[in-house]
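> I'd like to ask you about the structure that follows.
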Amino acid sequence: MTIEELIAIVREAAQKMQQKNFEIEQKDGYANIVTSTDVAVQEFLCQRLSEALPGCGFLCEEEDQWDTSHEYTWVIDPIDGTANFSRGMDHCCVCVGLKHLDKMEMAVVYLPWNDELFHAERGKGAYRNGAPIHVSDRPFANSLLCTALPVYHKEYADVCSQIILEAFKQCNDLRRFGSAATELCYLAMGRCELYFEYLLSPWDFSAASLILEEAGGVLSNLTATPLDYTHSSGVLAANNAENLKQLHAIVQKHTTPKA
Ligand code: IPD
Ligand code: CA
Ligand code: CA
């Protein structure tokens, strides 16, 4: 499958987001919702991608599509930023990444309301609407940190608040757009410099992480080891290794048990 074919499938899937009369269902309280559009986009993607590249596994957010036993796996968040989507706010995107063994190989993240399409293939750079993108070179003190309190795990809200507060004092300012993949793509194109979230699912970060790496950025989990694209984990990201190290030090200070 070529990246052009994948882009065409993702654009077609995103047309389903134009549909205005979707239904909203609670998966687990007010914070964790799914719309009928999330399900429709995912169904469309799974069908078209399994026709285009037979024999792949799927790791998708909705409806228990979790089969990672194949050499190639599609990692899909049909809509990242569902709360925004359900309320008519534009920070929401379709995320599709192709994993080969333990590495992401190809990725597309598309924000239909802004018509911003990010894509990357391993070793071939990252692009926004076809033009190459690169992270910024801003130092930590002039960085914007995209972050969030853990909406599905409020038991971690206190430790996250401490981390975010300390990072805020050391950087320029904070942003919270409500879509992890959007935020990682913004980092990739130099709109922001830092990213922290305490616990994400693989479909939140897999596609966007390849885009960020190909744009020169760096990511890790909270213990400064590489991300695993089949498991949930915390995510730290930055425009360069030095800034990631500073962010990791803040996280470590608040997550290491005191002796
Ligand atoms: C969520 C968004 C949000 C992040 C949450 C994610 P969803 O994904 O990426 O920004 O803070 O942790 O779960 O539920 O909109 O697909
Ligand atoms: Ca998501
Ligand atoms: Ca989602």
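> Give the order of Ser209, Ser86 when sorted by the count of other beta carbons within 10 angstrom, beginning with the fewest. Walk me through the intermediate numbers first.
Numbers: Ser209 28, Ser86 18.
Starting with the residue having the fewest Cβ neighbours, the order is Ser86, Ser209.
> Give me the three principal axis extents of segment 97-220 from the C-alpha atoms, as integers in angstrom, largest value leading.
Computed over the Cα atoms, the extents are 39, 29, 29 Å.
> A further question on this structure: With +1 assigned to the C-beta of every Lys and Arg and -1 to the C-beta of every Asp and Glu, and no other charges, what is the dipole magnitude of the chain about the Cα centre in debye, to the nearest 20?
880 debye
> Also, quick follow-up: Just rank Asp80, Asp228, fewest to most, by other beta-carbon atoms within 10 angstrom. Working shown, then result.
On the way: Asp80 31, Asp228 12.
If I rank by nearby Cβ atoms, fewest first, I get Asp228, Asp80.
> Now for a separate question. Can you tell which of Ala52, Ser136, Ser233 lies farthest toward the positive end of the dipole of the chain, using +1 and -1 charges on the Cβ of basic and acidic side chains (Lys, Arg; Asp, Glu)?
After comparing all options, I get Ser136.
> Relative to the longest principal axis of the C-alpha atoms of the chain, give the angle of the C-alpha long axis of helix 36-52, reported between 0 and 90° and rounded to the nearest 10°.
For 36-52 against the chain, the angle is about 70 degrees.
> Another question about this same structure. For the chain, take the longest principal axis of its alpha carbons; what is the angle in degrees between that and the long axis of helix 3-14, to the nearest 10 within 0 to 90?
Tilt of helix 3-14: around 90 degrees.
> Still on this structure: Could you pull out the pairs from Lys169/Lys258; Lys20/Lys169; Lys16/Lys99; Lys16/Lys245 whose alpha carbons sit more than 30 Å apart here? Mind dumping the intermediate values first?
On the way: Lys169/Lys258 22 Å; Lys20/Lys169 41 Å; Lys16/Lys99 25 Å; Lys16/Lys245 40 Å.
Where the Cα-Cα span goes over 30 Å, the pairs concerned are Lys20/Lys169; Lys16/Lys245.
> Something else about it: Would you mind telling me the antiparallel percentage of the DSSP bridges in segment 132-259, rounded to 5? Let's see the in-between values first.
Working: 8 of 14 bridges.
So the antiparallel bridges in segment 132-259 amount to around 55 percent.
> A further question follows. Arrange Lys245, Lys99, Lys154, Lys258 by Cβ neighbour counts within 10 Å, fewest through most, would you?
Listed from fewest to most nearby Cβ atoms, that is Lys258, Lys154, Lys245, Lys99.
> Compute the helix-to-body angle for 157-170: its Cα long axis versus the longest principal axis of the chain, expressed 0 to 90° and rounded to tens.
Once rounded, the angle reads 70 degrees.
> Shifting gears a bit: Charges on Cβ only, +1 for Lys and Arg, -1 for Asp and Glu, centred on the Cα centroid of segment 41-134; of Thr82, Pro112, Trp66, which one is farthest towards the dipole's positive end?
In segment 41-134, that residue is Pro112.
> Based on DSSP loop calls and a cut-off of at most 16 other Cβ atoms within 10 Å, the longest stretch of the chain free of exposed GluC sites (Glu not before Pro) is what?
72-259
> What is the magnitude of the charge dipole of segment 67-216 about its Cα centre, with +1 placed on the Cβ of each Lys and Arg, -1 on the Cβ of each Asp and Glu, and no other charges, expressed in debye to the nearest 20? List each step's numbers first, then the result.
On the way: 12 positive and 21 negative charges, 64 e Å.
The calculated dipole for segment 67-216 is roughly 300 debye.
> In deg cm²/dmol and to the nearest 500, what is the mean residue ellipticity at 222 nm of the chain if only DSSP H runs of at least 4 residues count, each as -39500 (n - 2.57), divided by the residue total?
-10000 deg cm²/dmol
> Next up: Tell me the relative contact order for the chain as a rounded percent, counting alpha carbon contacts under 8 Å between residues six or more apart.
Relative contact order, the chain: 16 percent.
> In addition: Can you tell me which of Leu212, Leu165, Leu145 moves the most in a GNM of the chain? Springs connect C-alpha atoms under 10 Å apart.
The residue with the greatest mean-square fluctuation here is Leu165.
> How big is the convex hull of the Cα atoms of segment 110-166, per residue, in Å³?
Dividing the Cα hull volume of segment 110-166 by its residues yields 158 Å³.
> Suppose every K and R has +1 on its Cβ and every D and E has -1 on its Cβ; what is the size of the dipole of segment 1-129 about the Cα centre, in Debye to the nearest 20? Show your work: numbers first, answer last.
Numbers: 11 positive and 23 negative charges, 82 e Å.
Approximately 400 debye in magnitude.
> Three principal axis extents, largest first, for the C-alpha atoms of segment 1-142, in Å?
Reported extents, whole Å, longest axis first: 44, 40, 27.
> Ratio of alpha-carbon Rg to the 2.2 N^0.38 Å globular estimate for the chain, to two decimals, please.
Here the Cα radius of gyration is 0.95 times the empirical estimate.
> Using Stokes-Einstein with the Kirkwood hydrodynamic radius over Cα pairs, what translational diffusion coefficient do you get for segment 195-259 at 25 °C and a viscosity of 0.890 mPa s, in µm²/s rounded to a whole number?
Numbers: Rh = 12.0 Å.
The estimated diffusion coefficient comes to 205 µm²/s.
> With no solvent and one equal point scatterer placed on each C-alpha of segment 1-83, evaluate the Debye formula and give log10 I(q)/I(0) for q = 0.14 Å⁻¹, two decimals.
Rounded to two decimals, the profile gives -0.50.
None of the figures in this text is laboratory data; all of them are computed from the coordinates on show. Treat the numbers as computed from the prediction; the structure is a model and nothing was measured. FYI the Cβ positions are ideal-geometry reconstructions off the backbone, even for glycines, and counts take in every protein chain you see.
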